[in-house]
Amino acid sequence: MKTIIKSIYDNYRNFTGAGKVADYIAPLANVSADKYAISVCTIEGEKYNIGDYKEKFSIQSISKVLTLAMLAPLTGEELWECVGKEPSGSPFNSLVQLEYEKGIPRNPFINAGALVITDKLLQKVPDLNNRLLEFARSLAGSNDIDFNKEIADNEYRTGERNKALAHLMKSFGNFNGKVSHVFRTYCNHCSMEMNTEQLAQAFLFLANKGINPLNGEQIVGYRDSKRINALMLTCGLYDESGDFAYRVGMPGKSGVGGGIVAVIPGKLSIAVWSPELNKYGNSCRGIATLADFTTELGISIF
């Protein structure tokens with residue numbers, strides 16, 4: 001595996017210019033397009049890292065999987081009364097679809113769905129910001145994980161559309177908390193910074209039937225682990241989720257910080273970071289890397 005990962009890395013090391021670094025969140029615009037890292041963690045404890053894998057970046061929407069994993073065991077089937085399980089087919093911050101569907105977001109990984117998840121978590125988890133950091137640190141086996149205040153503040157100041165999504169859901173009775181408080185918490189978790197090694201390790205529980213292989217803790221039950229993986233496969237890369245499943249063949253989740261993390265149940269998790277994004281908001285080099293990874297190793301889920 002190490003030889004294949006190095007070969008893929010060398011092949012894409014100079015693969016820049018195909019996309020654009022996110023600039024609608026001002027601090028992200030300053031990240032160099034040249035940054036590139038790959039990390040793989042297996043459930044047997046093996047690790048493979050190459051490139052800028054020690055450098056932390058804002059995981060953005062990847063954090064939505066962590067909040068869903070925190071909430072799912074606390075709510076059971078009740079969760080799916082306030083958020084759906086289907087791909088959206090619309091932009092991740094669409095107001096039109098939310099209006100048409102009476103305030104019920106299509107899935108937990110579009111912005112409206114993630115806001116509902118955060119709203120529900122705040123009702124059940126005291127001191128959610130600290131608990132979320134503790135959760136991520138425990139999964140990653142590292143205490144060197146934190147929020148980026150500059151990024152969180154910038155997202156909060158400029159996130160009028162996201163606030164509008166929350167207010168619209170509140171008008172339909174599908175949002176309970178104070179919008180400003182819930183949205184501030186949402187911005188915090190999107191600003192979380194990790195490196196690829198931490199990220200790959202943190203998602204390994206989804207490759208291990210919901211069990212954290214670092215300590216044997218059951219993070220979510222097998223049923224919830226299976227469902228979260230299914231949602232990542234069908235909804236994890238916004239409007240490119242179908243193409244990602246077609247080309248890569250892994251459940252995955254992307255973020256506009258340029259990260260993508262994906263899992264193969266029973267085997268491994270892999271995180272890639274490359275900041276240049278395509279028109280869907282996904283890492284250009286990250287997708288190409290993951291497509292070659294599953295092809296060269298012959299170990300997709302299909």
Worksheet item: So which of Gly17, Gly84, Gly76 is free of Cβ contacts under 8 Å to residues at least 40 places away in the same chain, more than 22 Å from Ala164 (Cα to Cα) and surrounded by fewer than 20 Cβ atoms within 10 Å (Cβ to Cβ)?
Response: Gly76
Worksheet item: From the residues in segment 55-83 that are assigned to a loop (DSSP other than H, G, I, E, B) and in contact with an Asp or Glu (Cβ under 8 Å, 6 or more places away or on another chain), which one is nearest to Leu98 (Cα to Cα)?
Response: Ile59
Worksheet item: If you go through segment 23-45, how many residues are touching a residue at least 24 places away in the same chain (Cβ under 8 Å), more than 14 Å from Arg285 (Cβ to Cβ) and out of contact with any Lys or Arg (no Cβ under 9 Å at 6 or more places or on another chain)?
Response: 6
Worksheet item: If you go through segment 34-50 one residue at a time, do you hit one that is within 30 Å of Lys149 (Cα to Cα), hydrophobic (A, V, I, L, M, F, W, C), surrounded by fewer than 20 Cβ atoms within 10 Å (Cβ to Cβ) and in contact with a Phe, Trp or Tyr (Cβ under 6 Å, 6 or more places away or on another chain)?
Response: yes
Practice prompt. Scan segment 236-243 and give yes if some residue there is without any contact (Cβ under 8 Å) to a residue 60 or more places away in the chain and surrounded by 23 or more Cβ atoms within 10 Å (Cβ to Cβ), otherwise no.
Written response: yes
Practice prompt. Considering each residue of segment 84-110, count those that are assigned to a helix (DSSP H, G or I) and within 19 Å of Gly173 (Cβ to Cβ), and give that number.
Written response: 5
Worksheet item: So is Tyr186 more than 14 Å from Gly113 (Cα to Cα) and touching a residue at least 24 places away in the same chain (Cβ under 8 Å) or not?
Response: no
Worksheet entry | Selection status of Val116, touching a Pro at 6+ places or on another chain (Cβ under 7 Å) and either buried (at least 18 other Cβ atoms within 10 Å of the Cβ) or free of Cβ contacts under 8 Å to residues at least 60 places away in the same chain (or both) | yes
Item to complete: Take segment 189-214 and flag every residue that is surrounded by fewer than 24 Cβ atoms within 10 Å (Cβ to Cβ) and either without any contact (Cβ under 8 Å) to a residue 60 or more places away in the chain or among the hydroxyl-bearing types (Ser, Thr, Tyr) (or both).
Response: Lys209, Gly210, Ile211
Worksheet item: In segment 143-188, how many residues are surrounded by fewer than 18 Cβ atoms within 10 Å (Cβ to Cβ) and not in a helix (DSSP H, G or I)?
Response: 7
Worksheet entry | Residue that is nearest to Ser7 (Cα to Cα), among those in segment 261-302 that are free of Cβ contacts under 8 Å to residues at least 40 places away in the same chain and part of a helix (DSSP H, G or I) | Thr295
Worksheet item: Is it the case that Asn49 is among the polar types (S, T, N, Q) and over 19 Å from the mean Cα position of the chain (by Cα)?
Response: yes
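Rule-based calculations on the coordinates, nothing more; no lab input. The structure presented is a predicted model; accordingly, all values stated were derived computationally and were not measured. Cβ atoms come from the backbone with ideal geometry, glycine included; neighbour counts cover every protein chain shown.
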